[in-house]
Amino acid sequence: MPRARKLWANSNLAALIIWFISALTFWILFQMLLRSSAPPSTGSSISYEERRTRLYDKLSRELDEKGAAFLKYGETSQSLSLSDLFTIKDGAVTPVLKAANPPVRANVLYMSPQYSVPIAEAVKSILSPYFEKAIWFQNSSLYHFSMFHASHHISGVPATEAEIEAEVNAIKAVAEGLCPLRISLDRVVLTSTGVLLGCWQVNSGVDPVVLRDRLRTALPHAPQKQLYDAAILHTTLARLLGQPKLPKENRITGLQFFHDLVNKLNSQLHGIQAQVSELWYVEEYDVLALALNGRMKVHKLNLGCSKA
Ligand SMILES: *[C@@H]1O[C@H](CO)[C@@H](O)[C@H](O)[C@H]1NC(C)=O
């Protein structure tokens, strides 16, 4: 009898051990499965800063991945062909202005000349020797960060004067509740379409993701699909329109020449700081008026830093 009991106890213990090992194995496998099926960390858990870094990394790779499309007339980020944007008139590059119908209504953060002029001068001094006419420099009085469109050229949302006034007032209320941003230049990037971009990070102040969210709330009729990633903070510095002028022996050097140019720009401009204290609501009567010195009406709104 005691022997039977001992056997029974032993088998009970064995069962317990087997059960425990199975449970442990199951748990470990389950954890491994969980980990492997977790979304590749693009979830909402990454910071806005990290999101921008990844975006800028991706933009930086574009030239190598897609090639220099601007050498054979590329398209801009707004799906406009550069060859449609410019013409040579009396030996000078001249924008081809096209009326926007309905006018584009853009909300942009504005960079004052105090910060934009030194950047524009550096860009000019580095690029001018190579691109005589095949380049368009962004007007340094109009450096801006495109944020949110109440109406854009792909999806037009017509508005009456009264509706525009209501929109301006709504944006004004958004601006008054925000403090100026302190930003620093993360890097200069040349896209495959030839657009030279300054890509920025936020040191303090409202994040572009949050700002775009507030603008969307303030502009309920705005196109659902906007033109840019919600995290991006970029300003166009210049647009390359064609081949650089190089001594014959330096021709056909592939993309290295452009990488060298961008590196030169970065060594001068990386880390440069700026403060942004104006939000502009711009009625653009020409497509890309802010970029091409077209016709526009600007409503300047100060970031007031007052408690809403
Ligand atoms: C640059 O923009 C300013 C402000 O809109 C304007 O007065 C000036 O004429 C522009 N410069 C050029 C070269 O178009």
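Number of residues in segment 225-246 that are touching a residue at least 40 places away in the same chain (Cβ under 8 Å) and in a loop (DSSP other than H, G, I, E, B): the value is 14.
Within the span defined as segment 144-161, every residue fails to be among the acidic types (Asp, Glu) and surrounded by 21 or more Cβ atoms within 10 Å (Cβ to Cβ). Taking the conditions (1) over 25 Å from the mean Cα position of the chain (by Cα); (2) within 15 Å of the ligand (Cβ to nearest atom); (3) surrounded by fewer than 17 Cβ atoms within 10 Å (Cβ to Cβ) in turn, Val117 satisfies each one other than (1). Pairing each residue of segment 140-152 that is more than 18 Å from Cys199 (Cβ to Cβ) with any residue that is of a type in the set (Lys, Arg) and within 16 Å of the ligand (Cβ to nearest atom), provided the two are 6+ apart or on different chains, yields no C-beta distance under 6 Å.
Any residue at all in segment 210-227 that is at pLDDT 95 or above and within 16 Å of the ligand (Cβ to nearest atom)? No, every residue in segment 210-227 fails to be at pLDDT 95 or above and within 16 Å of the ligand (Cβ to nearest atom). Could you tell me whether Leu279 is within 16 Å of the ligand (Cβ to nearest atom) and within 18 Å of the chain's Cα centre (by Cα)? So Leu279 fails the test. Filtering segment 135-159 to residues that are out of contact with any helix residue (DSSP H, G or I) (no Cβ under 9 Å at 6 or more places or on another chain) and assigned to a loop (DSSP other than H, G, I, E, B) leaves His152, His153, Ile154, Ser155, Gly156, Val157, Pro158.
For segment 120-166, the set of residues classified as within 16 Å of the ligand (Cβ to nearest atom) and closer than 15 Å to Leu290 by Cα consists of Trp136, Phe137, Gln138, Asn139, Ser140, Ser141, Leu142, Tyr143, His144, listed by residue number. Taking first residues from segment 86-111 that are not assigned by TED's automatic domain parsing to the domain that holds Trp200 and surrounded by fewer than 23 Cβ atoms within 10 Å (Cβ to Cβ) and partners that are among the polar types (S, T, N, Q) and not in a loop (DSSP other than H, G, I, E, B), no Cβ contact under 7 Å between residues at least 6 apart in sequence or on separate chains turns up.
So that you can scan it fast, the table gives a plain yes or no per residue for (1) assigned by TED's automatic domain parsing to the domain that holds Leu185; (2) farther than 27 Å from Asp186 by Cβ; (3) in contact with a helix residue (DSSP H, G or I) (Cβ under 8 Å, 6 or more places away or on another chain):
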{"site": "Gln201", "(1), (2), (3)": "yes, no, yes"}
{"site": "Pro208", "(1), (2), (3)": "yes, no, yes"}
{"site": "Arg216", "(1), (2), (3)": "yes, no, no"}
{"site": "Pro223", "(1), (2), (3)": "yes, yes, no"}
{"site": "Ile232", "(1), (2), (3)": "yes, no, yes"}
{"site": "Ala238", "(1), (2), (3)": "yes, no, yes"}
{"site": "Pro244", "(1), (2), (3)": "yes, no, yes"}
{"site": "His259", "(1), (2), (3)": "yes, no, yes"}
{"site": "Asn263", "(1), (2), (3)": "yes, no, no"}
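Regarding segment 255-265, can at least one residue be identified that is touching a residue at least 60 places away in the same chain (Cβ under 8 Å), within 19 Å of the chain's Cα centre (by Cα) and not in a strand (DSSP E or B)? Yes, that holds for at least one residue. Scanning segment 282-307 for residues that are touching a Pro at 6+ places or on another chain (Cβ under 8 Å) and away from the ligand (no atom under 16 Å from the Cβ) yields a total of 2.
The values are calculated or read from the model by the stated rules, or taken from the named source; none is laboratory data. This is a predicted model, so every value here is computed, not measured. Cβ sites come from the backbone with ideal geometry, for glycine too, and all protein chains shown count toward neighbours.
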